[in-house]
Amino acid sequence: MKSLDRVSRDFVWGSIVEKRKQHLIGWEKLCRPKTEGGLGIHKSSLMNKVFCEIIKGSWSSTWRSVTLAIKDVILPGHGWVIGDGKRINFWTDKWLMGTSLCDLTVSEIPLEVLSMKAGDLWTHGLGWDFQRITPYVSVETKLEMAAVVVNSDSGRPDTISWGEAADGKFTVASAYRFLTERETFKRDMSNFFKCVWRVRVLERVQVFFWLVGNHGIMTNQE
């Protein structure tokens, strides 16, 4: 993987075996999206993780097959779409507002309550059992919950959804973007870099402004 990244770095800076050019911007920054000051280059190590998940998914219909090596790609970005409520843990799974209810509670949840499935707190024809839920959540959370229906009659199972894509489908592009966006970025520079790549000038002028924004211009000053 490191050798692939080295080839990419040398290509960007125009280096060859006989002549090594100075790398003006760090590799980590080059791999950031263009709007964040990078060039949108894909790191081979991250792409390998993403492709492993794609390949794994094509041979298995269950998420139990996700290996420990790539759980950091999938688990933080996944969520649930509620169906019959039999698989979703009501308190710990992310099925409402993109987070788990454990992160939204206003009081401590007893252990015997913490293990309940979504279907355990839903009554057909009546809806959510708010008498058992109310002690632990805010009014705002209850209002959000009221808009969600458990389809206990249809038998449609709860399904896992990839939260980083609008359609809930896992893709290489969305997974790679999710991994690279974990790091912080100065948002006030985002508009600058957007303008750099949109302005209609020669490419070498765009590159110059990109280097300026990344403090990559070589000067005689110490």
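Within the stretch 108-159, if we keep just the residues that are among the β-branched types (Val, Ile, Thr) and not in a loop (DSSP other than H, G, I, E, B), the residue that is surrounded by the fewest Cβ atoms within 10 Å (Cβ to Cβ) turns out to be Val139.
Filtered by the rule that a residue be aliphatic (A, V, I, L, M) and surrounded by fewer than 15 Cβ atoms within 10 Å (Cβ to Cβ), the stretch 98-107 gives a lone residue, Val106.
Here, each number is a calculation from the coordinates, and none is a lab measurement. Treat the numbers as computed from the prediction; the structure is a model and nothing was measured. Using ideal geometry, Cβ is built from the backbone for each residue, glycine included, and neighbour counts are taken over all protein chains shown.
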